[in-house]
Amino acid sequence: MVRHFPKGQTVADIRNVTPLFSVAPQLTAQDMAEIAAAGFRTVIANRPDHEAPDQMSLAEARAAAEAAGMAFIAIPFAGAPAIEQIMDMAGALEAADTPVLAYCRSGTRSVTVWAFAQAAAGKGHPDELVRMAGSAGYDLAALKPAIEHLARSRRA
């Protein structure tokens, strides 16, 4: 189980979506040791290199995560995730040592691809996925039709 930090008591703004999956905005190399100490076992990066001048590269993130004893998975994308990123995320979540922390610029991209991946893998009703994201502070209500489509595609 991941330690829950009151706002302002951790370097990263970690938001727990489920007991085994959380999201955060852009991380720094210095955040990785604290994230590992909080109990995370895998970090997933959803932000591509060079999106902003102040972000660490995926190579730097991998090195820092691995130095802190965590696995690192890069599934970078900008804008809406393509089906390839959705399926990569579904596979990563299935295989990852939990708990998992995914990050991007604000956390929105990471929670969105998580919800899409869960729906595509048949691991959650669209209403529940939207509710869980909302409980973490991310409003995915406008994406519910896309989440429903992915869930239906799984059943077809």
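For residues in segment 100-156 being of a type in the set (S, T, Y) and assigned to a helix (DSSP H, G or I), which is surrounded by the most Cβ atoms within 10 Å (Cβ to Cβ)? Reasoning before the result, please.
The initial filter retains those residues of segment 100-156 that are of a type in the set (S, T, Y), namely 103, 106, 108, 110, 112, 135, 138, 153.
Those left that are additionally assigned to a helix (DSSP H, G or I): 108, 110, 112, 135, 153.
Values: T108: 17, S110: 30, T112: 23, S135: 12, S153: 12.
Filtering first and then ranking leaves S110.
For W114, only one of the following conditions fails: (1) within 26 Å of D54 (Cβ to Cβ); (2) touching a Lys or Arg at 6+ places or on another chain (Cβ under 7 Å). What is its number?
Only one criterion is unmet by W114, namely (2).
Which pairs turn up if I take residues in segment 50-72 that are free of Cβ contacts under 8 Å to residues at least 12 places away in the same chain and look for partners that are of a type outside the set (S, T, Y) and not in a helix (DSSP H, G or I) with beta carbon separation below 7 Å, at least 6 apart in sequence or on another chain?
Pairs found: S57/D49; E66/F72.
Bear in mind that the values in this text are calculations on the coordinates, not laboratory data. Keep in mind the model is a prediction, meaning the values are calculated, not measured. Cβ: placed from backbone, ideal geometry, glycine included. Neighbour counts: every protein chain shown.
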